[in-house]
Amino acid sequence: MGDFRITGPGGSPETAPEALAEPTRRVTRGWVTGVALVNVGINIAFFAPINILLGLQATAISPESKEAILTLVTACGASVALVANPLFGALSDRTTSRLGRRSPWILVGAILGVASLLFLAGASSVALMLLAWCGVQAGANAMYSAVTAAIPDRVPVLQRGRVGGMAAMGQTAGIMLGSVVGFVITGNIAVGYFICAVALAVSVIPYMIKPDDPELPESARPPFAWRSFLSGFWINPAHNPDFGWAWLTRFMMNVGNQMTIVYLLFFLTDVIKYPNPAEGVLILTGIYAVMVIITAVLAGPWSDRTGRRKVFVMGASIVIACAALIMAIFPVWAGALVGAAVLGAGFGAYLAVDFALLTQVLPSAAGRGKDLGIINIANSLPQVIAPALALFSVKVLGGYTALFVVAALIGLTGAYLVRRIKSVA
């Protein structure tokens, strides 16, 4: 693969390796499909356990402590993700393999994730369950950091809303299929984890066949030094304010969203008293998925055409917060159905357009994997904080109504703060 011509400081032309250049060639449908399928596999591995399997496993281990066990396991797994995502992203930035910078880590992450899911299938204690889930999080986050960084590596800015929409569709399909797994296993937790492992393994094959992942020349990789490597994980928001605001707003949106869904199985069981909670999760997730796909497909390209990002992100964030309020005001099955539809409508647009916005505030091309890994902490850290906030809301503030109101307020605050991003329209 050759070099691209880019513009250096002051407008002077420079030559950079293709791996570090700003992309100008539109990506093919086949490549985008490969990215979407990797996202499908990752999200099956995440959400079948989070939505159904981990809850059932916690109940089987100790019905009286199921909420505490689920909170502990998901929080510890998310803590691993906090480190794994930026770390693997930074390692992929420095990778000089003939397979490219990102592809090797997608493969390594898939192997680790599959092995951990199979181990999780046999976990019969809280300690083993926790250890295995941490392995799943490490492997899946290695994959996610690499495939996410591949998008700004390869996709021109004016195509990123569309590609972000396709990635959102992949994520949503993974969430939906994860709920299907939880529904069809009829209580056989081990079978559910086995299906997740197979899905994760198969999902990487189309991308790995033709990753279109430019090799980073050895000469373009700076010498390694622990001090500079570790200090690179701190991006000063005073020097990069738009990056800081983008991180904060995504963090707040994810806290609110995670609070809304983390106890969904228990909400259907204990409040709505739906006769088959696993079936209820499947129905709600199906409605959510359809709406995500519709709005992601519409909002991503629409944002590309207008060249505007913030108005879409703010509007979508408000819609997401409204979904939590619907669940709070109408804690009945009909309210859950409407809430799922509204949540999907908001989150589809949010996923597609906010990702495009994020890629436009990254500090440097050489550190895209690391920088997006830091952004992805805003996806992982809420998995630590949201379950604790949800548990506090349910046990101390008065139940699920309080939980959903708190989630909505956090989301609305995040929507307001998007306006502080200045460099993106």
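Computed from the coordinates by the stated procedures, all read-outs in this text should not be read as laboratory data. Just so we're clear, the structure is a prediction, and the values are computed from it rather than from any experiment. Cβ placement follows ideal geometry from the backbone for every residue including glycine, while neighbour counts extend to all protein chains displayed.
Assorted remarks:
- Phi-based couplings in Hz for segment 285-295 (Karplus 6.51, -1.76, 1.60; Gly and Pro marked x): 5, x, 4, 4, 5, 4, 5, 4, 4, 4, 6
- Global dimensions of segment 282-404 from alpha-carbon coordinates: Rg and Dmax equal 16.5, 50 Å.
- Sequence-distant lysines (8 or more away, or on other chains) whose Cα lies within less than 25 Å of residue 422: 310, 370
- Prolate/oblate/rounded label for segment 88-228 (Cα gyration tensor, a/c 1.5): oblate
- Of the peptides 68-76, 34-42, the order by per-residue mean of other Cβ atoms within 10 Å, starting with the highest, comes out as 34-42, 68-76.
- Alpha-carbon centroids, segment 81-143 and segment 43-58: separation in whole Å: 17
- For the residues 116, 380, 65, a GNM of the chain with alpha-carbon springs under 10 Å puts the largest fluctuation on 65.
- Distance from segment 158-222 to segment 20-40 (C-alpha centre basis), Å: 13
- Burial order of peptide ranges 287-299, 120-132, 352-364 (average beta-carbon count within 10 Å, highest first): 352-364, 287-299, 120-132
- For residue 16, nonlocal amide neighbours, meaning residues 5 or more places apart or on other chains whose placed amide H falls under 5 Å from its own, are 4, 6.
- Segment 161-304 shape via C-alpha gyration tensor axes, a/c threshold 1.5: prolate
- Backbone geometry of segment 359-365 corresponds, through the Karplus equation with coefficients 6.51, -1.76 and 1.60 at θ = phi - 60°, to 3J(HN,Hα) couplings of 5, 8, 10, 5, x, 8, 5 Hz, x marking Gly and Pro.
- Net lengthening on full extension, residue 65/residue 198 (0.36 nm per residue, minus Cα-Cα): 44.8 nm
- Protection proxy ranking, peptides 208-219, 304-315, 189-200, average beta carbon neighbours within 10 Å, highest first: 189-200, 304-315, 208-219
- Hits among lysines - C-alpha to C-alpha of residue 395 under 22 Å, sequence gap 8 or more where chains match: 66, 273
- Whole-Hz Karplus values for segment 395-401 come out as 8, 10, 7, x, x, 6, 4 Hz, taken residue by residue from phi with 6.51 cos²θ - 1.76 cosθ + 1.60 and θ = phi - 60°; glycine and proline positions read x.
- Shape category assigned to the chain from the gyration tensor of Cα positions, a/c cut at 1.5: prolate
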